[in-house]
Amino acid sequence: MLATDDTATPEISDLTATPSTMKVGQQATVTGTLHFDDADGDLSTLDGEITMPDGTKAALRSTDVTAIGAMTTGTLSWAMIVVPPSAGSYTLTLWVTDADGHESNRLETTATAAP
């Protein structure tokens, strides 16, 4: 049986996202990947938020990632559908949380919406 360390905090790196530009009011599918390391192999969710051009933030619904099993390192692929309501720069912040509630570091990527 795999020994676990329930105090281990997961870490993420190498966040990618495409596209980097979108049209205001039009649906866009944003896709990407991120690398994770989790010593005890108990990742639970991918979490995030979007910061709008005016600075307001909107939380994203947590996505279950338990299908990766007890993997301690790997790459998560993700996708989201967005319809930017206004022109400007949008910041997407992502992180992972393990089964013990430990949150990883947070990574950011930006996209611009234009008319």
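Throughout, read-outs are computed from the coordinates displayed, never taken from laboratory work. Since the model is a prediction, treat every value here as computed from it, not as a measurement. Here Cβ is always computed from backbone atoms with ideal geometry, including for glycine, and neighbour counts include all displayed protein chains.
Things worth noting here:
- Cα gyration tensor shape of the stretch 1-113, rounded if a/c is under 1.5, else prolate or oblate by comparing a/b with b/c: prolate
- Charge dipole of the stretch 1-102 about the Cα centre (unit charges at C-beta), most positive-ward option of LEU46, LEU94, PRO19: PRO19
- Net charge of neighbours whose Cβ lies under 9 Å from the Cβ of THR73, counting Lys and Arg as +1 and Asp and Glu as -1: -2
- Residue by residue, the stretch 25-42 carries 3J(HN,Hα) couplings of x, 10, 5, 9, 9, 9, 10, x, 9, 8, 8, 10, 10, 9, 3, 9, x, 10 Hz when phi is fed to the Karplus relation 6.51 cos²θ - 1.76 cosθ + 1.60 (θ = phi - 60°); x denotes Gly or Pro.
- The string of couplings for the stretch 58-74 from the Karplus curve (6.51, -1.76, 1.60, θ = phi - 60°) is 10, 6, 9, 5, 4, 10, 5, 10, 5, 5, 7, x, 9, 4, 9, 8, x Hz, one whole number per residue in order, with x for Gly and Pro.
- Per-peptide average of other Cβ atoms within 10 Å, ordering 36-49, 54-67, 89-102, 10-23 highest first: 36-49, 89-102, 10-23, 54-67
- Dipole in debye (nearest 20) - the stretch 30-115, about Cα centre, beta carbon charges: Lys, Arg +1; Asp, Glu -1: 480
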